[in-house]
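Values in this text are rule-based calculations from the coordinates and carry no lab data. What you are looking at is a predicted structure, and each value in this text was computed from that prediction instead of being measured. Cβ placement follows ideal geometry from the backbone for every residue including glycine, while neighbour counts extend to all protein chains displayed.
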Amino acid sequence: MMKQVFLGLLLVISVLSQNAFALGDVAAGKIKAAVCGGCHGLDGNSLVATYPKLAGQNERYIVEQLAAFKANVKRKNTLMLGMATPLSKQDAANLGAYFQSQKIKSTAPFDAAKIARGRELYNGGDLQKHIPACKACHGPTGAGNAGSGYPQLTGQYVPYVVAQLKAFKAGTRTNDVNKVMRVVVDKLSDDDIQSLANYIASLKQ
């Protein structure tokens, strides 16, 4: 009797989990991604430095960002609001699955003269400023952490990374969990931000 109850509970949990998290379909996502290609590239490798590369980005992060754009509260972008508004949760998951399946073409253009400080911050942080190492969440090559939803950074464009770090610092982007990014970036100087962005652009997987 207890075994049957236990198996029943497992079945209920399984059904609830499937309902809570939509599973993305790569083929469906590829079709839906056609409209994204103008800015992000058909395979997620943007050719424009102000638009992020999505190729290889983890599905969870993409789904969460599309939800944030759609809500238009913690992450505001007029263009992305228009793109995200008509998307269902399943659409978002499909897009996430498709872009995750693509291979990122790294690196991006960077200024080699500026990466030394960025490498130091990314890999070791700054003890005196109480800045943790970026690689603790984003990994040594910038691959991110799909399970935790930490984004891939590998080879992202310098202008895009700078814009996002400054948005966190200014408080115009607030969709970071527990204010993690805002707390860290608040301690970075403008030169630190430039150095980090250039080092991130140089990363390869």
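Which whole-Hz ³J(HN,Hα) couplings does region 35-50 yield from phi under the Karplus relation 6.51 cos²θ - 1.76 cosθ + 1.60, θ = phi - 60°, glycine and proline marked x?
6, 7, x, x, 9, 9, x, 4, 9, x, 9, 4, 9, 10, 5, 8
Which entries in the list LYS103/LYS169; LYS129/LYS204; LYS32/LYS76; LYS32/LYS103 go over 25 Å, if you measure between the two C-alpha atoms of each?
Check vs 25 Å cut-off fails for LYS103/LYS169; LYS129/LYS204.
For the chain, modelled as a Gaussian network with Cα springs under 10 Å, which listed residue fluctuates most, ILE104, ILE193, ILE31?
ILE31
List the DSSP H helices in the chain whose Cα atoms stretch 20 Å or more along the helix axis and whose mean Kyte-Doolittle hydropathy is at least -0.5.
2-20
So who's got an amide H within less than 5 Å of the one on ARG173, skipping anything under 5 residues away but keeping other chains? H placed 1.01 Å off N, in plane.
PHE168
Take the Cα coordinates of region 112-202, assign each an equal point scatterer, and use the Debye formula without solvent to give log10 I(q)/I(0) at q = 0.20 Å⁻¹.
Log10 I(q)/I(0), no solvent term: -0.95.
Please list the non-local residues whose amide H lies under 5 Å from the amide H of ILE131, H modeled 1.01 Å from N, same-chain partners needing a gap of 5 or more.
For ILE131, whose amide H was placed from the backbone, the distant partners under 5 Å are ASP126.
How charged is the neighbourhood of GLY44? Take every other residue with its Cβ under 10 Å from the Cβ of GLY44, and add Lys/Arg as +1 and Asp/Glu as -1.
Summing Lys/Arg as +1 and Asp/Glu as -1 gives +2.
Tabulate in residue order the Karplus-calculated ³J(HN,Hα) for region 181-186, using 6.51 cos²θ - 1.76 cosθ + 1.60 with θ = phi - 60°, rounded to whole Hz; enter x for Gly and Pro.
5, 5, 5, 5, 5, 4
Could you pull out every one of the aspartates and glutamates with an alpha carbon less than 19 Å from that of LYS187, ignoring same-chain neighbours closer than 8 positions?
Those aspartates and glutamates meeting the cut-off are GLU120, ASP126, ASP176.
Report the far tail of the P(r) of the chain, meaning the percent of Cα-Cα pairs longer than 28 Å.
31 percent
Which whole-Hz couplings ³J(HN,Hα) result when phi for each residue of region 29-34 is put into the Karplus expression 6.51 cos²θ - 1.76 cosθ + 1.60, θ = phi - 60°, listed in order with x for Gly and Pro?
x, 4, 5, 5, 6, 4
I want the local charge near LEU81. Using Cβ-Cβ distances under 11 Å, sum +1 for each Lys or Arg and -1 for each Asp or Glu among the other residues.
Around LEU81, the charge tally is +3.
Among 160-166, 63-69, what's the highest-first ranking by average C-beta atoms within 10 angstrom per residue?
Sorting 160-166, 63-69 by mean packing, highest first, produces 63-69, 160-166.
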